[in-house]
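One structure is given here, and the rest of the page talks about it.
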Amino acid sequence: MNPADQIERTIERLHITTRAETDKRILDDAFAALEKSAQKQSPHIGRSVRQRTIRIRIAELAAVAAVILVVFALFFGTRVTETVALNEIYETLGKVQNVCIATFLPPANEPVQIEWVSQTLNIDMVSFGEQFVLWDIPNRVKMIKYLSTGSITTTAITDEKLAKVEQAAGRRFGLVPFSDISDVSGAQWSRVEDPEIEVTVSGTKVYELTWPQKETSSEAIESRKWRVFVDTHTNLPKRAEHYFKLDHEEDYKFEKYEVITYPSEDEIQMDIRKIFGPSAGQPGEPEYIGTPEADRGRTGGRR
């Protein structure tokens, strides 16, 4: 197929139609403008020559218009459908240092839990119910603030609990269904192109991961679905929805959803200080260790 045929077929696929009155008005205006232009350029040219020139110019304008229509159809009338692979999301999340995850249980509009995790600060803070819990790994303490009384309690973190907290923070903040992508077996990753779903979060592409899961409690086979709204610029999740379905059921049930943001280290530190005070999350002050020279100075050089 030659280029001219391709242009014609492309224009045909556009299904552009106009009324006869519109066509006549456009042509009349074009003839008048070109007639006036031809008279200014060569007043001695015969009428037949001018008409022939006008027809040529009209043909040229029509060809240019056709090209413009094709350009608009190709670059503005079609959607980019590049798919983000699941491993790309895993890789991108692996580079994130700070995150805030708000968890909702439908149909409630208020989060049941908000979690701030900072790998740079090595801190995890969770808000649920009437309390805030801060896991301060560098200082090896757990702080709890009770909103009803405003009181704060501080306890030491055991080595066992410390290891669990550090491990949980390193698993991409629990945002993905599988801690390691190599564990994804028998799952299906697909793009969702439903306009009603896509408008939920602007500036995202929507994907779904579905997989069968065997519940250890009842031994019943259950299907799970993870729907994620991925930022088109960063490939980071902005919202994640969780669904489940028993083997005898046809429709998935909406279990929960998460709204994810990526604050800076300073923003997380500011939130911690607002709740637990200005000294919270700061490295502990080192204890004074005297030197022999200093000790001799205090005792007048006595041995």
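Overview of values
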{"item": "Residue match in segment 260-274 (condition: closer than 19 Å to residue 208 by Cα and assigned by TED's automatic domain parsing to the domain that holds residue 106)", "result": "yes"}
{"item": "Flag if residue 232 is among the hydroxyl-bearing types (Ser, Thr, Tyr), surrounded by 16 or more Cβ atoms within 10 Å (Cβ to Cβ) and touching a Ser or Thr at 6+ places or on another chain (Cβ under 7 Å)", "result": "no"}
{"item": "Verdict on residue 207 being closer than 19 Å to residue 259 by Cβ, surrounded by 10 or more Cβ atoms within 10 Å (Cβ to Cβ) and at pLDDT 90 or above", "result": "yes"}
{"item": "Complete set of residues in segment 97-109 that are assigned to a loop (DSSP other than H, G, I, E, B) and modelled with pLDDT of 95 or more", "result": "105"}
{"item": "Those residues of segment 117-137 which are on the phi > 0 side of the Ramachandran plot and either assigned to a strand (DSSP E or B) or without any contact (Cβ under 8 Å) to a residue 12 or more places away in the chain (or both), in sequence order", "result": "129"}
{"item": "Filter pass, residue 114 being touching a strand residue (DSSP E or B) at 6+ places or on another chain (Cβ under 7 Å), under 30 Å from residue 255 (Cβ atoms), at pLDDT 90 or above and assigned to a helix (DSSP H, G or I)", "result": "no"}
{"item": "Residues satisfying the stated conditions in segment 169-204, i.e. modelled with pLDDT of 80 or more, part of a loop (DSSP other than H, G, I, E, B) and of a type in the set (Val, Ile, Thr)", "result": "176, 199, 200, 201"}
{"item": "Filter result (of a type in the set (Phe, Trp, Tyr), surrounded by 14 or more Cβ atoms within 10 Å (Cβ to Cβ) and at pLDDT 95 or above) within segment 117-159", "result": "132"}
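The values are calculated or read from the model by the stated rules, or taken from the named source; none is laboratory data. From a predicted model like this one, the values you see are computed outputs, not experimental measurements. Counting neighbours? That spans all protein chains shown, and the Cβs are built from the backbone with ideal geometry, glycine included.
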